[in-house]
Each structure stands twice: as structure tokens, then as C-alpha cells.
1. For E283, E58, E197, what ranking results if the residue with the fewest other Cβ atoms within 10 Å of its Cβ goes first?
2. Order these by the 10 Å Cβ neighbour count, fewest first: R376, R98.
3. Please compute the Cα-Cα pair-distance distribution of the range 22-228 with 5 Å bins starting at 0, giving whole percents from short to long.
4. How long are the semi-axes of the equivalent ellipsoid of the range 128-268, taking √(5λ) for every eigenvalue λ of the Cα gyration tensor, in whole Å from largest down?
5. What whole-number value in cubic angstrom gives the convex hull volume per residue for the C-alpha atoms of the range 151-194?
6. Take every Cα-Cα pair in the range 183-240 and report what % of them are more than 14 Å apart.
7. What number does the range 118-185 give for Rg over Rh if you use C-alpha atoms and the Kirkwood radius?
8. Tell me, what does the Kirkwood hydrodynamic radius of the chain come to in angstroms if you use every pair of distinct C-alpha atoms?
Amino acid sequence: MPIARITPARRVRGELQLPGDKSISHRYAILAALAEGPSEISNYSTADDCARTLACLERLGVKCRREGHRVHLTGAGLVGFRKPWRKLDAGNSGTTMRLLAGVLAGQPFAATLTGDPSLRRRPMRRIIEPLTRMGARITAQGDGLAPLEIHGGPLRAIDYTLPVPSAQVKSCILLAGLFADGVTSVTEPVRTRDHLELALAQFGAEAPRAERAIRLAGRQRLTGQRLGVPGDISSAVFFLAAAMLLPDSQVTLHHVGLNPTRTAVLDCLAAQGACIRLTDVAEENRELAGTVTAGSAALQGGAVSGPAAARMIDELPMLAVLAPFTAGGLEIHDAGELRLKESDRIATLADNLRRIGAEVQELSDGLRIPGGQASRLRGAEIDPQGDHRIAMAFSVAALALPGETAILGAECAAVSFPEFFPLLDAVTQR
């Protein structure tokens, strides 16, 4: 799908079951590979990113078998990986690269992690520095860029404070800590998604949290598990936003992950005037999940900054694209991390908002987008710069824009959500 052409809609209505959460799928697969015995993961994410993690694990000698949305893995244990004879290609997946770097740091062989041009531009020094302190030798390109050649070996535990909030960096260090002598401690400036810590406990390891620090003793044995992955809340936001934008609309999304470190976006939308209903909330494998329903809303707008920006980093593109339709607009600060994603998301959002006729001010660490602009907006040609979240966000906005909107390179949505366009079409009424 090189170009998706989207025309205005009357409303969106329906019920959906979303694919599995990307963040959880990555972590379950990696821990299952490090565990002893078989594991089965149902509703494993269909994202290309998560398929890359499985492919890399297979090259490391892990037996993986995929049956639709179900994945069977036979764990190799902490010492069972084998040296890959080819580079490990993470594609566009920063999670794959950063988390596997932590695992490879503890292996008795050298391996190379690479990715597509976008991933090779993303900063890896933030994992190179702590892994080097733990005893790994890592060769990178330029100023800490992939490909990364990782010479693993015996590791030592460290106490590390993250310079910037990052669940990927935290997870990388904790995974390396499984191979280290002693207790590895990671302190966060802001609490980030804790899927790895919950999954470690589910697989039988102890990783207690004391305020902002997580501690993990090395050499803990993991045991294979049967696990289910809840729907991805970051994907859910696109459908919730579509329902809020259009009159007489309502969508219900079943079995969506509601981990408290991921639901700040629901709080943000509710504060702007959205009516979001949560039902059937229950715990499964230490993760919360439930049904989320949202409908048409006159959003007031607001501001996002500080810890909230870090907690909503994946949802900020959709919030930014909603902003011109709100009464008061949106200001985003403390989100400089957006410039280091699949694209420079701040610049790409600003460019494409202007394409649809919106006024927007680009800031070094965010955006200032006035509200009350709905009447001046129009369909346009959108260039997401290969960024899946921006392609999907503007596809949602296109439902409320007069004229046709063309999303260039729309196939990039498959990085996180291959079913996005068919599911959006399924609930759209014109």
C-alpha cells in the first residue's frame, strides 16, 4: 500500500479486538527464549517489529514456531544461545536492538546487531555506556550508532541512574543484569512502563522496586510459561481518537492492556473532555486488561509536559493531530525524545499539520498547536517520513477533513499495526 487514500466519514461505530501489545510481546519472547522449558504466547503482536525479535532469537538458536497469533518457543536457558553466523537484523525496531543488546552482552561470543536506515540513525550510546560499564565490549559507528558489534562475556552488576526516562534502556540493563555477578540496580528519573519487571516475576525471577529503583540479582533461573498478551493501548488510541472526532460515534475495544504505566493518555483525554468508560478490568499474568469504550466528544485541549510527556511518548503524535480540532489547542513540552524516534516526530508532525492547513509552532522539545482550527483544515498529501505512528494519526484526522487525504508510504503502519487500515475501514461509515 504505497498510498492510502482516505475520504471524509460520517461516523465510526463498532467493536474491535486489537492485536497484542508490542512492548509486552517483545519482552515475553525474549524471556521465554532465556527460560528453561517451553513457553506459549497467545495474541502475540503482529507488528513487523515483534517478528524481527523472533527472527533474531531464531538466529541465536532458539526454537520458535508461530501459528497465527500464537507463538511457541523452547527456551535455551541463560547459557544456551549459540553464536549467529549472520548479522542480527532488527529492521525498524529499536526495542529489538536495545533489549537484545542487553542479552548479547552476557553471551560468550561476539554478534552484530543492525537495522534499517532509520534505526541506524537512532542513538545507541545510551545503552553502550552502561553495558560497557558492566564489562561488555561494543563497537559502534560514528557517535554511537548501529551496527553494534557486541563482544559479550562475564558481566558485573552496576548501580545505574538513567539520564533520561527510557523503558528500553532500563530493560536492556536489567536483561544484562540476569548474566551479571551481584545485584544490578536501575534508578529511573520518571517511572516508565514496567512490562519487563512484571514479566520477570511471571517467569520466576525477583526484581523488586524500591521507590524509583529496580534491583535484580544475577543468575536467576527463568521457567517457561503460558501467557496471553493484551491488546496494545498505543494502537487503541487511534480508534478512540476517531470516535471522539466524529459525531454520533462510538467504539468499544476489548481486552486492551491497562497497565498503570501506560494509561496516562486516557487520563489526558479525559481531562480534555473525553468520556472514556473502562469495564471488565481484570489481571492476567500480572498485567491489567479490560474493555475501553469512547464516543464523540468536544475536546477542550490542554498541555502535556514533564513526566506525562515521557509516559505518553508513543501517543503524543495522535494527541498532536487532534489538537487543531480542540477548543483550546495543545502545548507539548519536555518531549525532545520525539526527535529521536523513527522520524524527527516534532518536525514531521509540524510539517504535516501545516499541509492540512493548521497553524503550528515547532519548539525544541515539543509543539504549540492552537485550537479552534477545524473549519480551516482540509485533506492533503501527507508524508509521514516512513513513521508508522504519524501515518496512522493523520489517517484518523483524514476522516474529519473535507476532500481526499493521501498518506504516502502508508505501508509503514505495518511496523506496529499491520491490521490498522482494514480495522479502521471496518468501523468507518461514510
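Here, each number is a calculation from the coordinates, and none is a lab measurement. Quantities reported herein were computed from a predicted structural model and do not represent experimental measurements. Note: ideal-geometry Cβ built from the backbone for every residue, glycine included; neighbour counts use all protein chains shown.
1. E283, E58, E197
2. So the ranking, lowest neighbour count to highest, is R376, R98.
3. Taking all Cα pairs of the range 22-228, the binned fractions are 1, 8, 17, 22, 23, 17, 9, 2, 0 percent.
4. 34, 19, 14
5. 73
6. In whole percent, the share of Cα-Cα pairs in the range 183-240 beyond 14 Å is 64.
7. Rg divided by Rh gives 0.96.
8. 21.8 Å is the Kirkwood radius here.
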